[in-house]
1. Condition first: open to solvent by less than 30 Å² (accessible area, probe 1.4 Å), in contact with a Leu (Cβ under 8 Å, 6 or more places away or on another chain) and either acidic (Asp, Glu) or farther than 16 Å from Gly67 by Cβ (or both). Now tell me which residues in segment 91-107 satisfy that.
2. Let me confirm something: among Ile260, Ile203, which residue is part of a helix (DSSP H, G or I) and of a type outside the set (S, T, N, Q)?
3. Of the conditions (1) assigned to a helix (DSSP H, G or I); (2) at pLDDT 90 or above, Arg451 fails just one. Which one is it?
4. Mind listing just one residue for me: the one in segment 202-238 that is under 24 Å from Gly400 (Cα atoms) and free of Cβ contacts under 8 Å to residues at least 40 places away in the same chain and, of those, least open to solvent (accessible area, probe 1.4 Å)?
5. Kindly list the number of the only condition in (1) open to solvent by 30 Å² or more (accessible area, probe 1.4 Å); (2) touching a helix residue (DSSP H, G or I) at 6+ places or on another chain (Cβ under 6 Å) that fails for Gly436.
6. If Pro277 satisfies all but one of (1) over 30 Å from the mean Cα position of the chain (by Cα); (2) open to solvent by 60 Å² or more (accessible area, probe 1.4 Å); (3) touching a residue at least 60 places away in the same chain (Cβ under 8 Å), what's the number of the condition it fails?
7. Considering only residues that are at pLDDT 95 or above, surrounded by fewer than 16 Cβ atoms within 10 Å (Cβ to Cβ) and in contact with a strand residue (DSSP E or B) (Cβ under 8 Å, 6 or more places away or on another chain), which ones fall in segment 304-332?
8. Please enumerate the residues belonging to segment 72-90 that are part of a helix (DSSP H, G or I), within 20 Å of Ser477 (Cα to Cα) and either open to solvent by 40 Å² or more (accessible area, probe 1.4 Å) or in contact (Cβ under 8 Å) with a residue 12 or more places away in the chain (or both).
Amino acid sequence: MDFSSVDYSRAQFALTALYHFLFVPLTLGLSFIVAIMESIYIKTGKEEWKKITKFWMGLFGINFAIGVATGIIMEFEFGTNWANYSWFVGDIFGAPLAIEGIMAFFLEATFFAVMFFGWNKVSKKFHLLSTWLVAIGSNLSAFWILVANAWMQYPIGTTFNPQTARNEMTNFWEVALSPVAVSKFLHTIGSGYVISALFVMGISAYFLLKKRDFWAAKKSLIVGASFGLVTAIFLMFSGDESAYRVTQHQPMKLAAMEGIYQGEKRASLVAFGILNPNKQPGDKQETFLFNLQIPYALSLLGNRSLNSFVPGIDDLIYGNPKFLIPPMQEKIDSGKMAVNALKNYKEAKANNDSEKMRAAQSVLEANMKNFGYGFLNDPKETIPPIATTFYSFHLMVALGSYFLLLFIVVLYLSMANSIEKYKKILWLCVFSIPLGYIAAEAGWIVAEVGRQPWAIQDLMPVGIAATHLSSVNVGISLAIFAILFTALLIAEITIMIKQIKLGFENPVFFKSDKKGNENV
C-alpha cells in the first residue's frame, strides 16, 4: 500500500467534508427559519412578513444549490478513493445513502421547486406546506447520512460473511436507530440550527447598523435570536448525550478529547487547558502545562455516575487489571488470529476442505470483534492525534457556551425594543457569523480525527480501507478539488453579498414583471 496515497485520500475526503459542511448547516436551520417566517405571514396576513420570507428564502436557495454540488462529490469518493471500504461494508453503508437519495432528496427537490416557483401559482397553504416539507426533507437527508457515519463509529446490526469477505446487514433498525446515530443526528442538526440563527442575527444586525429595512431587520433579529436560544439549549443537551455515547463506545476518543493519560474514579472535566507537547504515553511527565478542571464532572457526564472510573490513554494501551481493561496488544494478537483465520478459510474453500473451513470459521468468529486490530503493528497506532482532538473539542464547547449567552442578551434587548441602541452588541452579532462555522467544523474534526486510525471502529483501519492508487493521481485530484471548492465558496459569498445588498424590498430571485406578477 502506498501510504502517501492514503494520506492524500484522507486529505481529499477531509477537504470535501469540511467544505461541504460549510453549506449544509445553513440549509438545515435556515429552511426551518424560513418556514417559521412564512407561517407568521400566513397567520398575520402582513405583506412585510412575505418580504422577509422571500429575502431569507433567496439566501437559502443560493446556499442549497452550492451545497448539493459538494455533497455529490463525497459519494463518488467512496468508490474512487475508498474501494476496499466500499467492498467490505458497501451493503450496509450504501443502504442509508440510497434511502437518502430516494426519499429525502426527492422530497427536497420536488417541493423546493414549488417553494421557489409556486408563489401566486398554488394556494398560500399549499405553498407553506411545501416550504415545511423542504425543511423536513433537508433534515431527513442529514439523518440518513449521519446514520451511515454513525455506523462507522459504532458498527451494529451486521455480521461478517467469510464466504464473500463482506459485512452484511442483519437488522436494519439497529443500524438506523442505534443510540449513536440518534445522538449524532440530533447534535449535528442542532449545530446547524445555531449556525443559521447566528447567520440571521448577524445579517439583521448589519441592516440595523446601516439603518436600512428597520422593521424587517428587527423582526428577523427576534426570530433568529428566539430560534437560536431554543436550539442552543437543545444543542447543549444533545452534546451531553453525544459525549456519553463516546465514553461508552469509543473510550480512546474520549481520552483524546479530554487529554487523559491516567484514568481515575471521580474524574474531573477539563474546562480549559494547555497540553504539554512533550507528553508521551507511559511516561511520567505532566499532561498539562496549565489547566482548569471541574471536579467529578467527567465521571458524571461520561458514565452518569460521580464515582465511576474513566480510563485514560495509558489504561487503554497498557491495560488496567483493576478495572478489567486488557492491554491493546491482546486485541492486536486477537485481530491477527482473525485475519489469519480468514486467510485459512479462503484456502480451505479453494481446496474444498469443509473440515478446515469450519475450524477457520470458528477461530474467525471468536476473534471477529478485534478483526481490524489485526492490521496494526503497534498499540500506539490506536491513539488519535491528541492535540488536534483536544483543542477542537474545547474550542467547540467554548463557542457553544458563548452562543447561548449571545442569544439570551440579543433576545432580551430585542424584546425590550432597544437593541438598535447597542451598536457593540450588533457588531458582535455580525462578527459571530463565522464563529458558528468554526464551532461546527471543530466538532466535525473531533468526530472524525478523534476516531483515527479507524475507518470503521475496531473493524477496518483507514490504511486498509483506501483504494490502491498512485499518490500522483490522488494529489492532482486533491489540488483540483481544492481549487474547485474554493471557487464555489467565493461564488456563494459573492452572490450572497449581492442578494443582501438588495435588501428586503427587492430580493433578486423574486422580481415582479411589468404586470406586477412575481417571478423567480
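1. Glu100
2. Only one candidate passes the filter, namely Ile203.
3. Result: Arg451 passes all but (1).
4. Val230
5. With (1) open to solvent by 30 Å² or more (accessible area, probe 1.4 Å); (2) touching a helix residue (DSSP H, G or I) at 6+ places or on another chain (Cβ under 6 Å) applied to Gly436, the lone miss is (1).
6. If we test Pro277 against (1) over 30 Å from the mean Cα position of the chain (by Cα); (2) open to solvent by 60 Å² or more (accessible area, probe 1.4 Å); (3) touching a residue at least 60 places away in the same chain (Cβ under 8 Å), just (1) comes out false.
7. Those that are at pLDDT 95 or above, surrounded by fewer than 16 Cβ atoms within 10 Å (Cβ to Cβ) and in contact with a strand residue (DSSP E or B) (Cβ under 8 Å, 6 or more places away or on another chain): none in segment 304-332.
8. If the condition is that a residue be part of a helix (DSSP H, G or I), within 20 Å of Ser477 (Cα to Cα) and either open to solvent by 40 Å² or more (accessible area, probe 1.4 Å) or in contact (Cβ under 8 Å) with a residue 12 or more places away in the chain (or both), then Ile72, Ile73, Met74, Glu75, Phe76, Glu77, Phe78, Gly79, Thr80, Ala83, Asn84, Tyr85 are the ones that fit.
The values are calculated or read from the model by the stated rules, or taken from the named source; none is laboratory data. All values derive from a computational prediction rather than experimental measurement. Methodologically, a virtual Cβ is constructed for each residue, glycine included, from the backbone with ideal geometry; neighbour enumeration extends over all protein chains shown. The accessibility values were calculated without ligands, DNA or RNA, using every heavy atom of the protein model including side chains. Shrake-Rupley method; radii C 1.70, N 1.55, O 1.52, S 1.80 Å.
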